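For reference, the structure discussed in these notes is given below.
Derivation of every value follows stated rules applied to the coordinates shown; laboratory data play no part. Values in this document were obtained by computation on a predicted structure and should not be read as measured data. Glycine also receives a Cβ, built like all others from the backbone with ideal geometry; neighbour counts cover every protein chain displayed.
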Amino acid sequence: GFRCGIVGLPNVGKSTLFNALTETQAAQAANYPFCTIEPNVGQVAVPDDRLDKLAAIAASAKIIPTQLAFVDIAGLVRGASKGEGLGNQFLGNIREVDAIVHVLRCFENDDIQHVDNKVDPIADAETVETELMLADLESLEKRVPNLVKKAQQGDKEAKAAAGVLGRALDLLRDGKPARLVAPEGEDETRAFEQAQLLTAKPVLYVCNVNEDEAAAGNALSEKVFDKAAAEGAVAVVVSAAIEAEIATMAAEERGEFLAELGLEETGLARVIRAGYDLLHLITFFTVGPKEARAWTVEVGSRAPQAAGEIHSDFERGFIRAETIAYADYVALNGEAGARDAGKLRQEGKDYVVQDGDVLHFKFNV
Ligand code: GDP
C-alpha cells in the first residue's frame, strides 16, 4: 500500500497528530480487516461520503473504507544528513515512504519549547529541507560520475540515468529540490524513480495552529500557504490538539463540537484526503448486499490492476469488469436501474479505471 511519512522538527506536534490519526482508527477498529503491524505505522480510513451513499442504495450490511498508511518518522535533527545512527535511520525511513507530510509548528505557546527558541515555520521547513537536500546531494555526488563513465562506454540505461540525475544534481547544488526535475521519456522516468531521492517526494505541509485558529489559520500558516503555492506543494491547517480531542469522542458528539469551532470536517479528514491526492490515488467501489467497499488505485490504472487489489486471482483470471459510473449508480438507484438504463458497461483489460467507478469483476479461476 501507499505510505505517507510524518516528519518535522521536535515539539511541532507530530506525535499528537499521529496519535489522533491512529486513535480515530482504533475507535472504528471493528470495521477494518487489517491491523497495525508496526507501532509507528497507522492504517487510516480515507473519508468518502460516496461510500455511505452507495451502501444505503444497496442496503449493504457492512461498509469498508479504503485506507492510507501514515508513518511517524521521529528523530530529525539538524545535521541528520551527516549523521550516523539516528540521522541515517531517519533518512532511511523517509526513503521508504511515497509522500512526505511535513508538520510545521504555527502555534505560539511559551510552555512548549521550540528547538530553536522561536516559532518560525518557514525557517523550520528550510531546516528539514536542507537536511534532505544535503542527503540527496551527497548520494548523487557519488553516483553521477559513475553513471557518466558508464554512459561514455555506451550503456544506454546509464545514459538516461546520468542525464536525469545530472540535472537533479545541478538543481541540488543550486539549493533546489529534485522534484523540480522533469524526466524525459521512459528510461529517464524509471531511472529517476529508482533513485528514490528524498527531495523528489511530494510534500504536504501541515500547519499546526492553536485551538482557536483551527478554522481560519493565522499569520504563520498564511506564510506556509504562500510557500506551498510557490513550490506547487499543498498545505492544510490543523490543530493537532483539537484533533487529539476529537479522536476520543463518540461520532454523535463530533459534529456538534466541529460546528462550535466553525469547522465542517476534521483536520484529519483534510490531511488524509490531501495525502490521497498528493499520491495521485483514486477510489473505485465494490457494492453488494454483504458489503460496500472502497479500494485504492493509482490514476491511470487499468481494470485488471484494480481487480488485483482485491485478489491476485482476479487479476490473473480477469475477463471483464462490469462498470457503472458513481453518478449513474446513484441517479438510477443501483445496479438494476443502471443496467435497465444501459449504464452498466462491459469493460475489458485496457479500460482505465475512473474515480468513483462501481466495478464488478468477472474472472476465470
Ligand atoms: P513532536 O515532538 O513533534 O512529536 O510533538 P508532540 O506531538 O509531542 O507535541 C509537542 C508538544 O506540543 C506537546 O506538549 C503537545 O501537547 C503540544 N501541542 C501539539 N499540538 C498542539 C496544538 O495544536 N496546540 C497547542 N497549544 N499545543 C500543541
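Can you tell me what share of the DSSP beta bridges in the chain is antiparallel? A percent to the nearest 5 is fine.
Once the DSSP bridges in the chain are tallied, antiparallel ones form about 50 percent.
At a Förster distance of 22 Å, what's the computed FRET efficiency of Phe257 paired with Asn109, Cβ-Cβ distance as r, to 0.05?
Here the calculated transfer efficiency is 0.55.
Could you tell me what a quarter of the Cα convex hull surface of the range 181-269 works out to, in nm² with one decimal place?
7.9
Of Thr283, Leu268, Gly232, whose Cα points farthest to the positive end of the dipole of the chain (charges on the beta-carbon: +1 Lys, Arg; -1 Asp, Glu; origin at the Cα centre)?
Sorting the options by dipole projection puts first Thr283.
Sticking to Cα atoms, compute the Rg of the chain to one decimal and its Dmax as the biggest Cα-Cα distance, whole number, in Å.
Taking only Cα atoms of the chain, I get Rg and Dmax of 22.7, 68 Å.
Taking a 22 Å limit on the Cα-Cα distance, which of the listed pairs Lys14/Lys201; Lys14/Lys118; Lys14/Lys227; Lys156/Lys201; Lys118/Lys223 fall beyond it? Could the numbers behind the result be given before it?
Values: Lys14/Lys201 19 Å; Lys14/Lys118 18 Å; Lys14/Lys227 20 Å; Lys156/Lys201 26 Å; Lys118/Lys223 15 Å.
Pairs exceeding the cut-off: Lys156/Lys201.
Given the peptides 197-204, 316-323, arrange them by the average over their residues of other C-beta atoms within 10 Å, most packed first.
Descending mean neighbour count gives 197-204, 316-323.
Take every Cα-Cα distance within the range 172-216, group them into 5 Å bins from 0 onward, and report for each bin the whole-number percent of pairs it holds.
Result returned by the calculation: 5, 17, 19, 16, 11, 7, 9, 8, 6, 2, 0.
How large is the Kirkwood hydrodynamic radius of the range 300-363, counting all unique pairs of alpha carbons, in Å?
So the Kirkwood estimate lands at 11.7 Å.
How compact is the range 131-199 by the rule of thumb for globular proteins, expressed as Cα Rg over 2.2 N^0.38 Å?
1.01
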